[in-house]
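Below is one structure; the comments refer to it alone.
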Amino acid sequence: MEILPGIHALPGINWSKAYLIEGDTLALVDSGLPWNSGRILKYIRKIGRKPEELSHLLVTHAHPDHTGSASSVARKTGAQVVAHSADTKRRRNGANLSYMGVFGSAPIPLPFFERTPVATLVNEGDVLPIAGGIRILHTPGHTSGSVCFLEESTKTLFSGDTIFSDGERISRSVPFPGYDAVAYRASLERLATLDFEAVCGGHGAPLKSGGSGKLQELMEARPELPTWRQFFRSIPRRVKKSRSMTGEDF
Ligand SMILES: [Zn+2]
Ligand SMILES: [Zn+2]
């Protein structure tokens, strides 16, 4: 589904979100849980493009619900996987996405996750030659290698799990294991000073305009970061009103 000119939210990817950016080549932002690669390739063909045109697979952070299909999409299309080094692990073949590192010290066996080699390690301020230029914003906190991708010509922010939207408002992440509250707050404050319109988050519904202003308003109205306690308390209300289960509720 084309949600903004040249930006598609991939249909049929449940739980998390993946987006396709159209330019001379194509870029995918995140790839959902494992077993989604067929669906992603099918969608690329449906909009009249070819899977081999996918040049980049941009990883907002290494949590498995955002990266589960990355290795198979990369293998089937030839796309290079792009991520921040802090969410990768060095192995003999080079940098790989680090699924377990992002869950803190407890190793959770995830046998169905293949290793995903990262072709391009990015840093704060890098600009990738995709569409109108995609700027890398290193926004640690949710994980230490969390990044947001800013499509500069349309001022669209691909925010991963750093901020979410329900289509109208911005919300923030709850403290996941491995989360760093100090870094997270600094990343939010920094994002609030930038100029972006649309917010395409890792969960929820995209916000089409007014993104940075809405983030500023949120930080002023609710300076305290969301907690798990608030999250659990909000569940009955969310269920009753069919609201999203990610981020804080209002
Ligand atoms: Zn996450
Ligand atoms: Zn997520």
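Some values worked out for this structure:
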{"item": "Filtered residue count, segment 220-250, keeping only those that are away from ligand 1 (no atom under 16 Å from the Cβ) and part of a loop (DSSP other than H, G, I, E, B)", "result": "9"}
{"item": "Pairs where the first residue, in segment 160-171, is assigned to a strand (DSSP E or B) and the second is aromatic (F, W, Y) and within 16 Å of ligand 1 (Cβ to nearest atom), C-beta under 7 Å, 6+ apart", "result": "S171/F164"}
{"item": "Output for segment 9-22, where each listed residue is surrounded by 18 or more Cβ atoms within 10 Å (Cβ to Cβ) and in a loop (DSSP other than H, G, I, E, B)", "result": "L10, I13, S16, K17, A18"}
{"item": "Selection count where residues are away from ligand 2 (no atom under 16 Å from the Cβ), buried (at least 18 other Cβ atoms within 10 Å of the Cβ) and modelled with pLDDT under 85, scope segment 198-250", "result": "1"}
{"item": "Positions within segment 85-105 being within 16 Å of ligand 1 (Cβ to nearest atom) and at pLDDT below 85, in sequence order", "result": "Y99, M100, G101, V102, F103, G104"}
{"item": "Test: T154 is part of a loop (DSSP other than H, G, I, E, B), hydroxyl-bearing (S, T, Y) and buried (at least 24 other Cβ atoms within 10 Å of the Cβ)", "result": "no"}
{"item": "Check on S187, within 16 Å of ligand 2 (Cβ to nearest atom), assigned to a helix (DSSP H, G or I), within 30 Å of G23 (Cβ to Cβ) and out of contact with any Cys (no Cβ under 6 Å at 6 or more places or on another chain)", "result": "yes"}
{"item": "Residue check for T60: at pLDDT 90 or above and away from ligand 2 (no atom under 15 Å from the Cβ)", "result": "no"}
{"item": "Only one of I40, I47 that is at pLDDT 95 or above, crowded, with 24+ Cβ neighbours inside 10 Å and not charged (D, E, K, R)", "result": "I40"}
{"item": "Close pairs (7 angstrom Cβ cut-off, 6 or more residues apart or separate chains): under 16 Å from M1 (Cβ atoms) and without any contact (Cβ under 8 Å) to a residue 24 or more places away in the chain in segment 194-218, part of a loop (DSSP other than H, G, I, E, B) and away from ligand 2 (no atom under 16 Å from the Cβ) anywhere", "result": "none"}
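Matching residues to (1) within 16 Å of ligand 1 (Cβ to nearest atom); (2) touching a residue at least 60 places away in the same chain (Cβ under 8 Å); (3) of a type in the set (D, E); (4) outside any loop (DSSP other than H, G, I, E, B):
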{"site": "G38", "(1), (2), (3), (4)": "no, no, no, yes"}
{"site": "L41", "(1), (2), (3), (4)": "no, no, no, yes"}
{"site": "R49", "(1), (2), (3), (4)": "no, no, no, no"}
{"site": "H61", "(1), (2), (3), (4)": "yes, yes, no, no"}
{"site": "H66", "(1), (2), (3), (4)": "yes, yes, no, yes"}
{"site": "A74", "(1), (2), (3), (4)": "no, no, no, yes"}
{"site": "A83", "(1), (2), (3), (4)": "yes, yes, no, yes"}
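The values are calculated or read from the model by the stated rules, or taken from the named source; none is laboratory data. Computed from a predicted structure; not experimentally measured. Note: ideal-geometry Cβ built from the backbone for every residue, glycine included; neighbour counts use all protein chains shown.
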